[in-house]
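Notes for the one structure printed next.
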Protein chains: 2
Amino acid sequence: MATHTQILFVNRPKPGKLDPSFVFKSVSKPRPKASDLKDGEILVKNLYLSFDAAMRAWMGELKTYRDPLQIGQVMEGRSASIVLASKHSAHKPGDRIVGSFDWQQYTIVQPDNPKYGLESVPDGVSLKDVQYVAGMTALTAYFGLIDVGGASKGKVVVVSGAAGATGSMVGQIAKCLGCRVIGIAGGPDKCKMLVDQLGFDAAIDYKVDRREFTKRVNEVIGRRGYDVYFDNTGGMILEVLMNRMALRGRIVVCGSISAYEGTQDPRFALATGNLIPTRGRIEGFLVTDYIDRFPQALTHIVSWYKDGKIKPLQTTVPG
Amino acid sequence: MATHTQILFVNRPKPGKLDPSFVFKSVSKPRPKASDLKDGEILVKNLYLSFDAAMRAWMGELKTYRDPLQIGQVMEGRSASIVLASKHSAHKPGDRIVGSFDWQQYTIVQPDNPKYGLESVPDGVSLKDVQYVAGMTALTAYFGLIDVGGASKGKVVVVSGAAGATGSMVGQIAKCLGCRVIGIAGGPDKCKMLVDQLGFDAAIDYKVDRREFTKRVNEVIGRRGYDVYFDNTGGMILEVLMNRMALRGRIVVCGSISAYEGTQDPRFALATGNLIPTRGRIEGFLVTDYIDRFPQALTHIVSWYKDGKIKPLQTTVPG
């Protein structure tokens with residue numbers, strides 16, 4: 001009997017760096033076949049699974065913006081896939097789609113069930129690039145930066161987690177809008193990549209001592225301060241950035257990577273006092289609130305990608 | 001020669017409770033006379049000086065929303081005063097006015113100089129009540145609560161420093177709007193006063209241990225959370241309140257009383273993560289941005305006061 005591989009979520013990670021061999025287990029299961037399909041179903045082959053920082057939060061015991069993963073389930077995640085067989089009138093073999101098909105090689109999907117969030121791959125976008133260019137991280141970057149942050153031409157935008165999927169898209173969209181863009185990332189290699197490959201105006205390495213980091217932030221951002229800080233990390237970086245806000249600056253709270261591993265002291269000096277003279281704003285958001293405008297946003301992003309203004313940034317791990 | 005009393009600002013306060021005998025000095029000076037007036041000037045007698053929590057911040061070395069006070073100057077502050085003599089066509093003896101006339105018994109004022117921020121006392125408002133009812137704290141409460149906080153009928157409003165000039169006005173205006181109002185104040189007497197005299201729906205004493213305070217906050221605010229938290233204090237109270245925000249809740253940053261004395265650990269666990277599912281917002285503001293709408297706001301507040309819906313809350317210290 002033909003088999004395929006599933007990755008199960010078998011243990012909640014301990015604080016600190018995630019140990020994949022503890023958290024996940026690879027199992028071999030009977031492979032779904034075209035002959036298993038009921039009416040209204042399709043069989044997909046999953047070619048590119050996405051692995052996102054937010055998953056670290058799903059793995060905890062607490063409800064975040066979604067319920068926690070359950071022990072023993074197939075690891076959830078979105079995939080760029082191809083339709084192999086179809087008993088659904090709107091899908092035919094060879095169609096290129098993206099959806100929540102989980103970490104397994106093949107999935108039988110009910111396209112009409114909204115839990116799969118099934119989408120077509122836009123023309124001109126490769127299956128390999130589609131999750132970076134047209135996935136939730138790209139949409140998160142777009143609406144957080146523009147709608148929550150109010151970014152527009154000439155503004156100064158700072159983004160942390162800048163070498164990640166969301167952060168690198170934030171910086172690239174901000175460049176497309178005509179902003180000055182400063183990325184914060186860990187280590188000189190990532191910082192060099194942001195400037196040399198993605199066209200950021202500057203990058204700041206946060207993996208230095210705090211005094212050095214603060215000095216660099218002040219130098220690079222300058223006295224006027226930033227208009228938008230897109231915060232993917234929280235923690236020390238947020239604390240330092242709180243004090244460099246320009247008049248009517250905005251901090252967009254997108255994630256708290258620094259808290260996901262549960263090892264950092266979550267306390268810091270919240271300088272809310274600085275929000276008074278600046279009339280500053282800190283605001284959280286969920287991209288799902290903008291679902292009606294996803295098609296419009298994707299039109300913009302895909303157009304920038306086709307023009308070569310947005311470069312896919314990804315690490316592909318075969319197997 | 002006739003004299004009058006001036007209060008000089010002679011030393012910046014040390015961290016901790018302010019010692020008036022160290023910070024201020026009372027001096028006797030020649031009293032300004034009607035015969036000293038030049039054209040365009042008026043002589044006022046200052047009857048009610050205001051003493052505000054924000055002054056604690058003015059006394060520090062650092063620029064806040066204004067420059068620091070200078071050592072040796074007459075202490076700045078607003079006063080409800082009466083015109084004694086006038087060489088200005090728009091003012092006549094007996095006029096009741098409010099302005100930045102400083103801590104002294106008599107002041108010669110140039111009404112056309114905007115630094116005095118001279119205003120008439122609205123009809124039907126006593127000279128004793130005018131600074132509470134129609135002063136900057138009332139305007140701060142009004143615009144912070146309504147414009148920044150978005151308070152309206154049926155919303156749940158929490159305010160800290162609730163027994164202070166700004167906080168008590170926030171709560172009373174919120175009641176006039178039809179909100180459910182919860183005040184946070186120090187000690188059972190203040191809490192009782194908020195409910196019994198000012199009509200707050202509930203009050204929470206923060207001068208208890210943190211666990212007890214958190215428990216009370218959760219009980220009183222309830223599972224749904226608050227829509228608006230008007231923050232006058234920062235610190236521990238803000239930290240606890242961060243976790244009780246309703247969907248699309250807003251925190252209005254008005255002041256940081258907890259930081260003024262410089263003795264509390266300013267670090268706390270900033271749960272920015274909670275801003276994501278709630279789409280919450282933290283925002284600072286300065287009332288001076290709303291100057292064009294001051295007359296409109298005062299019409300509302302004075303009307304509520306005349307109807308007995310807003311009661312003056314003040315401690316008058318003679319002498």
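The values are calculated or read from the model by the stated rules, or taken from the named source; none is laboratory data. These numbers come from a predicted model, not from an experiment. Neighbour counts are summed over all protein chains in view; Cβ atoms, including those assigned to glycine, are modelled from backbone coordinates with ideal geometry.
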Is it the case that some residue within segment B:289-309 is over 25 Å from A:P277 (Cβ atoms), within 10 Å of chain A (Cβ to nearest Cβ) and at pLDDT 90 or above? no
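Give me a count of the residues in segment A:199-225 that are in contact with a helix residue (DSSP H, G or I) (Cβ under 6 Å, 6 or more places away or on another chain) and either of a type in the set (A, V, I, L, M) or not assigned by TED's automatic domain parsing to the domain that holds A:R250 (or both).
5
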Mind checking whether some residue in segment B:171-186 is more than 19 Å from B:A138 (Cα to Cα) and not basic (K, R)? yes
Within segment A:237-256, take every residue that is away from chain B (no Cβ under 11 Å) and within 15 Å of A:Y206 (Cα to Cα) and give me the one that is modelled with the highest pLDDT. A:L241
Considering only residues that are in a helix (DSSP H, G or I) and either of a type in the set (D, E) or out of contact with any Pro (no Cβ under 8 Å at 6 or more places or on another chain) (or both), which ones fall in segment B:225-253? B:M236, B:I237, B:L238, B:E239, B:V240, B:L241, B:M242
Which numbered condition in (1) farther than 29 Å from B:G161 by Cα; (2) of a type outside the set (A, V, I, L, M, F, W, C); (3) without any contact (Cβ under 8 Å) to a residue 60 or more places away in the chain; (4) out of contact with any strand residue (DSSP E or B) (no Cβ under 8 Å at 6 or more places or on another chain) is the only one that B:K33 fails? (4)
Take the residues of segment A:11-46 that are touching a helix residue (DSSP H, G or I) at 6+ places or on another chain (Cβ under 7 Å) and of a type outside the set (A, V, I, L, M): which is surrounded by the fewest Cβ atoms within 10 Å (Cβ to Cβ)? A:N11
Regarding segment B:124-144, can at least one residue be identified that is buried (at least 18 other Cβ atoms within 10 Å of the Cβ), touching a strand residue (DSSP E or B) at 6+ places or on another chain (Cβ under 6 Å) and within 20 Å of B:I282 (Cβ to Cβ)? yes
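State the number of residues belonging to segment A:78-91 that are assigned to a loop (DSSP other than H, G, I, E, B) and in contact (Cβ under 8 Å) with a residue 24 or more places away in the chain. Even if it seems obvious, please write down each step before you answer.
Pass one, segment A:78-91, residues assigned to a loop (DSSP other than H, G, I, E, B): A:78, A:87-91.
So of that shortlist, the ones also in contact (Cβ under 8 Å) with a residue 24 or more places away in the chain come out as A:78, A:87-88, A:91.
Looking only at that region, the number is 4.
Residue by residue, here is whether (1) outside any loop (DSSP other than H, G, I, E, B); (2) exposed (fewer than 15 other Cβ atoms within 10 Å of the Cβ); (3) not hydrophobic (A, V, I, L, M, F, W, C) holds:
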position: B:Y48; (1), (2), (3): yes, no, yes
position: B:A53; (1), (2), (3): no, no, no
position: B:R56; (1), (2), (3): yes, no, yes
position: B:E61; (1), (2), (3): no, yes, yes
position: B:R66; (1), (2), (3): no, yes, yes
position: B:G72; (1), (2), (3): no, yes, yes
position: B:E76; (1), (2), (3): no, no, yes
Which of the residues belonging to segment B:92-122 are of a type in the set (S, T, N, Q) and either part of a strand (DSSP E or B) or not assigned by TED's automatic domain parsing to the domain that holds B:S35 (or both)? B:Q104, B:T107, B:S120
Right, A:Y206: in contact with a Leu (Cβ under 7 Å, 6 or more places away or on another chain), modelled with pLDDT of 95 or more and of a type in the set (S, T, Y) or not? no
